[in-house]
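Down below is the structure, laid out as structure tokens.
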Amino acid sequence: MTMTEERASTGKTVRRLNRPDPGARSRGGQRFLLVGLVLASMYSLFPVWWLIVASTKDRTGLYQSNGLWFSGGWHLWDNLRQLFTYNDGIFLRWTANSLLYAGVGSLGGTLLALATGYGLARFQFPGRNLVFACVVGSFLIPIALLTLPLYLLFSEIGLVDTPWAMLIPCLINPFSVYLAKVYTEATIPYELLEAARIDGAGELRIFFSIVLRMMTTGGATVFLLAFVNTWNAFFLPLTVLRGEENWTLNLGLYNWSGKRLESGVDLTSLVLTGALLSIVPMAIMMVAMRRYWRTGVTLGALK
């Protein structure tokens with residue numbers, strides 16, 4: 001802030017303060033934000049770029065060429081062919097297992113979470129606050145601490161090394177219940193529910209016909225978070241799955257990473273190519289769910 005002097009018509013000197021331009025300050029903040037976003041994007045995309053480059057190389061190119069740029073040869077199709085045919089195509093079996101655990105488990109867990117969150121938000125019953133406190137406290141417990149008790153429990157009932165050992169834990173997610181409750185309180189008004197009850201609608205019909213349709217955005221968020229969490233799970237499948245035919249994609253690639261070379265096949269290239277392909281389902285899921293978030297943001301702006 002500077003001060004200038006001007007001579008008025010009366011002959012007196014008038015002092016004025018020159019204030020900084022708010023627009024210039026705003027443009028400076030936008031540039032700083034833009035630089036931060038560019039750096040964050042580069043940091044996030046750097047591992048993906050490295051995987052893309054590494055997937056196009058053979059064993060010699062991996063160790064003797066620049067890790068951030070392509071080598072002289074193009075071996076992506078050879079790596080994909082070996083990946084899909086190695087060990088009778090076990091990679092495709094692992095991919096199907098991961099899609100089963102993440103897809104079915106997340107879908108069922110999302111439905112249960114939305115129903116539970118809706119009940120906690122819009123129904124009055126004794127001990128509701130205590131139940132909610134238990135929900136909040138339970139998702140503060142690391143999942144690694146629950147893995148061993150789950151293994152012992154599944155061993156007693158004979159579910160170890162079965163798909164149920166992965167699906168049952170995916171159906172119960174306290175954090176998803178918390179998100180569903182918060183979203184219900186912000187989206188579902190009491191008046192709408194009372195109007196539906198006056199019209200003769202039952203509670204199940206209200207939930208499936210009205211509540212679920214109004215919670216599409218929240219349900220998409222809960223489903224995506226659960227899907228990514230299950231797809232990236234490692235310690236739980238490592239504990240409860242024994243035979244490789246039931247392994248997840250991450251667990252199978254981890255097993256391959258411990259083997260440098262087997263039966264004349266370079267497993268290092270297969271691990272890198274498989275890791276690149278493992279990103280594709282999550283990228284597709286992000287693009288598919290984008291329209292639901294855009295709809296939710298638009299509705300929030302109109303309100």
Subject >> Filter result for the condition that a residue is surrounded by fewer than 21 Cβ atoms within 10 Å (Cβ to Cβ), without any contact (Cβ under 8 Å) to a residue 12 or more places away in the chain and in contact with a helix residue (DSSP H, G or I) (Cβ under 9 Å, 6 or more places away or on another chain), over 220, 196, 201 >> reply: 201
Original post:
Does the stretch 236-248 include one or more residues that are among the charged types (D, E, K, R), touching a helix residue (DSSP H, G or I) at 6+ places or on another chain (Cβ under 8 Å) and in contact (Cβ under 8 Å) with a residue 60 or more places away in the chain?
Top reply: yes
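Condition check: within 30 Å of residue 193 (Cβ to Cβ), out of contact with any Cys (no Cβ under 7 Å at 6 or more places or on another chain), among the charged types (D, E, K, R) and touching a residue at least 24 places away in the same chain (Cβ under 8 Å). Does residue 59 satisfy that?
Details: within 30 Å of residue 193 (Cβ to Cβ): no; out of contact with any Cys (no Cβ under 7 Å at 6 or more places or on another chain): yes; among the charged types (D, E, K, R): yes; touching a residue at least 24 places away in the same chain (Cβ under 8 Å): yes.
Against the criterion (within 30 Å of residue 193 (Cβ to Cβ), out of contact with any Cys (no Cβ under 7 Å at 6 or more places or on another chain), among the charged types (D, E, K, R) and touching a residue at least 24 places away in the same chain (Cβ under 8 Å)), residue 59 does not qualify.
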**OP:** Go through 131, 53, 38 for me and flag whichever is free of Cβ contacts under 8 Å to residues at least 12 places away in the same chain, more than 30 Å from residue 173 (Cα to Cα) and β-branched (Val, Ile, Thr).
**Re:** 38
Original post:
Looking at this structure, is residue 211 among the aliphatic types (A, V, I, L, M), in contact (Cβ under 8 Å) with a residue 40 or more places away in the chain and touching a Ser or Thr at 6+ places or on another chain (Cβ under 9 Å)?
Top reply: yes
Subject >> Inter-residue pairs, beta-carbon under 7 Å, first on the phi > 0 side of the Ramachandran plot and in the stretch 159-181, second among the small types (Gly, Ala, Ser), 6+ apart >> reply: 161/243
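Bear in mind these aren't lab numbers, they're just calculated from the coordinates by the rules spelled out. Everything numeric here is computed off the predicted structure, so don't read it as measured data. Quick reminder, even Gly has a Cβ in these numbers, built from the backbone with ideal geometry, and neighbours come from all protein chains shown.
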